[in-house]
Amino acid sequence: MRIDKITILKFIDHWVGGPICIILVILYRLTHPFYKTHLHIPAEELPPKKILILKFIGIGSITLSSSIINNIRKKYKDTKIYFFTFRENKEILDILSLADKVMIIDTRNPLVLVKTISQSLLFCWKERIDIVFDIEFYSKFSTIMAFLSGAKWRVGFYLARYWRNSLINVPVYFNNTKHILEIYSMFSSTLLIQDQDLYPKAIATTDQDRAQLLQVLKNYNIGDINKYIAINIHASDLALCRRWPLKHFASLVELFFSENSEMGIILTGSKNEVSYSQEFLGILPPEQRKRIIDLTGKLSLRQFLSLLSQIPVFVTNDTGPFHLGKAVGGRTISLWGPGSIDLYGPFGREKETQDIVYKRYLCSPCLYVYRTNAGYFCGGKAPCMEDIKPAEVMDLVRKKICG
């Protein structure tokens, strides 16, 4: 049985993070007997000099969190903003240019993990952080990092658990009937920021990005990118049940090629998704494989963003690349089941260019940790994804190509 990184991290977070949180709570309550919470940062504590933002999992969520930083910078132009995340997220933060400094945690091995955590916390202590925003969903690890950062004000999602509400002193309501961009705005509201722009920062690709992508495409004899669509068959380890079945992707490929004799398909994905792409290509007939360019693991993030900004159609599961496609102004068709379109789907004007397919099963969404484990009620079989028919996805592809 495959044990993914997310499963390991969740196990450690629960069984190691839990006891550490309890110890910190006891120590804090003993030293702060008159501890109380606030609904916002007191006005006399504003403007803040230094803010730390914690977000460790989800390249899409990090992209969306740029809305928080945009609003902080509009009102408090002199405030320094630091970001604390896992190593694999650093590149998207560099591209977004969100923070004055990005501190990373490297999970490649225990020694490096301890070293990078220690270095980052030492930096926080030296800088004397005023406020920390913990925008993870009830992670014990992020709660510990927020507390150990030394920040006087610790803002995070409210949870009626002793280990949580004793270490977060400015609770934010996770209203799961709202979109995540509206929920994120509650963080900046704790800084008494009004009239917020809820949309995340747009990503502009550069001439250099496009030139580098063009060189890669030339290596595969791709001259005109408008004669291709892109497909992402993958989903992150956070919930693999978000993947549309390969047989359905194969049927979509067949439908697409039957209607578009002069067009091709670009298959996208990261380096650790190469084997799954190969599995998909293996179920296709040879004549179809010849018309598919497999770029899984062959593009840098900047090149991938450039591709998404230019490709006529990007078909993807509900996962990080969907949010990247929106950020560069691309035209996406996203497939949903375990995830919630109300929480993470297109927001406001984004709905004009971003199409979704969602069956809204009674047990969906099941992805998010405050509810249950993803795929719990179906054993990971995801009938909500199985029920999405290739023909209806092809209808949307056709409209985007023709439109």
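The values are calculated or read from the model by the stated rules, or taken from the named source; none is laboratory data. Not measured: the values here are computed from a predicted model. Please note: Cβ atoms are built from the backbone with ideal geometry, for glycine as well, and neighbour counts cover all protein chains shown. Just so you know, the surface numbers come from the protein's heavy atoms only, side chains and all, with ligands and any DNA or RNA stripped out. Shrake-Rupley method; radii C 1.70, N 1.55, O 1.52, S 1.80 Å.
Quick notes
- Residue with peak Gaussian network fluctuation, the chain [Cα springs, cutoff 10 Å], from Lys218, Lys80, Lys140: Lys218
- Axis angle, to the nearest 10 degrees, between helix 207-219 and the longest C-alpha principal axis of the chain: 40 degrees.
- In the complete set of protein chains, residue-level accessible area for Arg349 is approximately 140 Å², probe 1.4 angstrom.
- Heavy-atom accessible area with a 1.4 Å probe sorts Glu91, Glu262, largest first, into Glu262, Glu91.
- Violating pairs (Cα-Cα greater than 26 angstrom) within the set Lys50/Lys201; Lys178/Lys271; Lys290/Lys389; Lys55/Lys126; Lys227/Lys381: Lys178/Lys271; Lys227/Lys381
- Euclidean distance of C-alpha centroids, the stretch 349-403 and the stretch 231-299, integer Å: 17 Å
- For Ile168, net neighbour charge (Lys/Arg +1, Asp/Glu -1) across residues whose Cβ lies under 9 Å away: +1
- Accessible area per residue for the stretch 227-380, computed on protein heavy atoms with a 1.4 Å probe, is 40 Å².
- Cα gyration tensor shape for the stretch 1-109, rounded if a/c is under 1.5, else prolate or oblate: oblate
- For the chain, relative contact order (Cα pairs under 8 Å, six or more residues apart, normalised by length) works out to 15 percent.
- The figure for Arg210 is an accessible area of roughly 80 square angstrom, using a 1.4 Å probe on the protein chains alone.
- Against the chain, whose longest principal axis is taken from its Cα atoms, helix 180-189 shows a tilt of about 30°.
- The stretch 108-168, relative contact order in percent, only Cα pairs under 8 angstrom and at least six apart counted: 31 percent
- Where the stretch 43-92 is the region considered: accessible area per residue in Å², 1.4 Å probe: 39 Å²
- Helix 66-75 vs. the chain, principal-axis angle (Cα, 0 to 90°, nearest 10): 50 degrees
- Carbon/sulfur fraction of accessible area - the stretch 149-265, other protein chains in place, 1.4 Å, %: 48 percent
- Equivalent ellipsoid dimensions for the stretch 240-367 as semi-axes, Å, which come from the Cα gyration tensor, largest first: 24, 18, 15
- The eigenvalues of the Cα gyration tensor, multiplied by 5 and square-rooted, give the chain an equivalent ellipsoid with semi-axes of 39, 22, 20 Å from largest to smallest.
- Inverse of mean 1/r across different Cα pairs in the stretch 83-186, Kirkwood, Å: 14.7 Å
- Under the Karplus curve 6.51 cos²θ - 1.76 cosθ + 1.60, θ = phi - 60°, whole-Hz ³J(HN,Hα) for the stretch 146-157, x wherever Gly or Pro sits: 4, 5, 6, 5, x, 5, 5, 10, 10, 9, x, 5
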